[in-house]
Amino acid sequence: MEGNDTRMFATVVCGKLDLATGELEMASAGHEPPVLLRGDAAPAWLTLPGGPPLGFEADATFETWSGRLEPGDGLLLYTDGVTEAFDLADQAFGEQRLLAVLATPRSPAGHCEALLAAVQAHAGEAPQSDDITVLALHYRREGQGDD
């Protein structure tokens, strides 16, 4: 962390989605893996090549992952405050609960709302120890209507 006297860093996922073809390119700087949501399969981790968080290495390079989303597929990205939300018994929300919430088909907004509600219900009165952020998307081919 040379030159980073404050010892601050950020984890990041960066991606580019071609709306016409579904081609997706992503890279991770120490961030939690996105969850791939396919209409015909259980939610699954999208394992991206790892890289250090931003702020650790000035000359860091980041490998990209390439793949394709099919119409109807979705992605959910989240911060580690979701899986590391603790209840009063010091039990983390965890990855299995996250996947279980996402197993029910929903709209992107519905996935975010359901996940945040489940995290809040799990944590109860325990103090929040980290940021909690979620982002979901649903892929429709460019020009494809809502039919």
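All of the numbers you see were taken from the coordinates with simple rules; none came from a lab. Everything quoted here is computed from the prediction, not taken from an experiment. Cβ placement follows ideal geometry from the backbone for every residue including glycine, while neighbour counts extend to all protein chains displayed.
Table for the structure above
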quantity	calculated
Condition check for Asp90: on the phi > 0 side of the Ramachandran plot, exposed (fewer than 15 other Cβ atoms within 10 Å of the Cβ) and acidic (Asp, Glu)	yes
Options Ala42, Ala100: the member that is farther than 28 Å from Pro127 by Cβ and not acidic (Asp, Glu)	Ala42
The one condition in (1) touching a residue at least 40 places away in the same chain (Cβ under 8 Å); (2) out of contact with any strand residue (DSSP E or B) (no Cβ under 6 Å at 6 or more places or on another chain); (3) over 22 Å from Cys14 (Cβ atoms); (4) not acidic (Asp, Glu) that Gly94 fails to fulfil	(1)
Matching residues, the range 97-126, being surrounded by fewer than 14 Cβ atoms within 10 Å (Cβ to Cβ), of a type in the set (A, V, I, L, M, F, W, C) and in contact with a strand residue (DSSP E or B) (Cβ under 9 Å, 6 or more places away or on another chain)	Ala109
Selection within the range 30-50 - assigned to a loop (DSSP other than H, G, I, E, B) and surrounded by fewer than 14 Cβ atoms within 10 Å (Cβ to Cβ)	Arg38, Gly39, Asp40, Ala41, Ala42, Thr47, Pro49, Gly50
Pair list, Cβ under 9 Å, 6 or more apart: the range 105-123 residue within 15 Å of Val35 (Cα to Cα), other residue of a type in the set (Phe, Trp, Tyr)	Leu115/Tyr78
Subset of the range 9-34 (residues that are free of Cβ contacts under 8 Å to residues at least 40 places away in the same chain and over 20 Å from Thr79 (Cα atoms))	Asp18
Helices (runs of 4 or more DSSP H) enclosed by the range 51-147 - at least 2 residues per element that are more than 26 Å from Ala27 (Cα to Cα)	108-123
